[in-house]
Amino acid sequence: MTPPTKLAIGLLFTGCAGFIDAVGFVELGGYFISFMSGNTTRLGASIARGDWATTALPIALVIMFFAGGFAGSLIALSNQRWGSATALGLVLAVVLVSITLSLAGFSAGEAMIALAFAGGAQNAVLPPVGAAKLGTTFVTGTLFAASQDLARAVRREAPGWRWAQHVLVWASLCAGAIVGALADKSWGIPALLVPAAIYLCFLIDFATRASRPSGR
């Protein structure tokens, strides 16, 4: 089982991911910041139809997500104490860049494509603790893990309620998406300041913990 404090942090991060993905989905006309399965399916459908004009955006989103995952993982793995804080700083910086580009008059596609990079990088911020995947930006595997753990619980091969932790991760993404879509309706892309503020609070906390002398 994942410790409650760690789980709560992970749920909040996943809620932020849902918020950002919902804003991206609306502003990009049905494309995703973090759900690369969906973007890949749309890419395949466009290629099959010969609709080459609509292939550039999903290709760019997939590349940016991959690059963000690589960069975030490289940073997180490079330093045990400061890796998470530095990776989160990268995520926050990219979100702020997207907001700035939007306020400067760039189109939604131009302003928000970098968020796929942030989506990939966020998955590397929180190290795995227990069974639940913490702070992830997509939950297909999490839902399968929930169903698999439930089956194991029925067979008495896993803790009875461990599957519920996976469901909470899914619910946090859903709740974040609801709030994000409502915020986008009112404020547009600047609504991303909400998850940015949450990231900033955690960045300060992570940096404070990392700066403490070992053993404290």
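Taken together, the values in this text are just the output of simple stated rules run on the coordinates, not laboratory data. It should be emphasised that the depicted structure is a prediction, and the values quoted were computed from it without experimental measurement. With ideal geometry, Cβ positions are generated from the backbone for all residues, glycine too; neighbour counts draw on all protein chains shown.
General observations
- Restricting attention to the stretch 191-208, the residues being in contact (Cβ under 8 Å) with a residue 60 or more places away in the chain and farther than 14 Å from D21 by Cα number 7.
- Helices (runs of 4 or more DSSP H) completely within the stretch 63-179 that count 3 or more residues being surrounded by fewer than 14 Cβ atoms within 10 Å (Cβ to Cβ): 140-154
- Residue in the stretch 114-137 that is in contact with a His (Cβ under 7 Å, 6 or more places away or on another chain), closer than 21 Å to C16 by Cβ and either of a type in the set (D, E) or touching a residue at least 24 places away in the same chain (Cβ under 8 Å) (or both) present: yes
- Here G10 passes the criteria (1) surrounded by fewer than 19 Cβ atoms within 10 Å (Cβ to Cβ); (2) within 17 Å of the chain's Cα centre (by Cα); (3) of a type outside the set (S, T, N, Q) except the one numbered (1).
- Being aromatic (F, W, Y), assigned to a helix (DSSP H, G or I), farther than 20 Å from I198 by Cα and in contact with a Phe, Trp or Tyr (Cβ under 7 Å, 6 or more places away or on another chain) is not true of F32.
- In the stretch 6-21, the residues that are closer than 18 Å to P127 by Cβ form Cβ pairs under 7 Å with partners that are among the aromatic types (F, W, Y) and part of a helix (DSSP H, G or I), at six or more places apart or across chains, as follows: C16/Y199.
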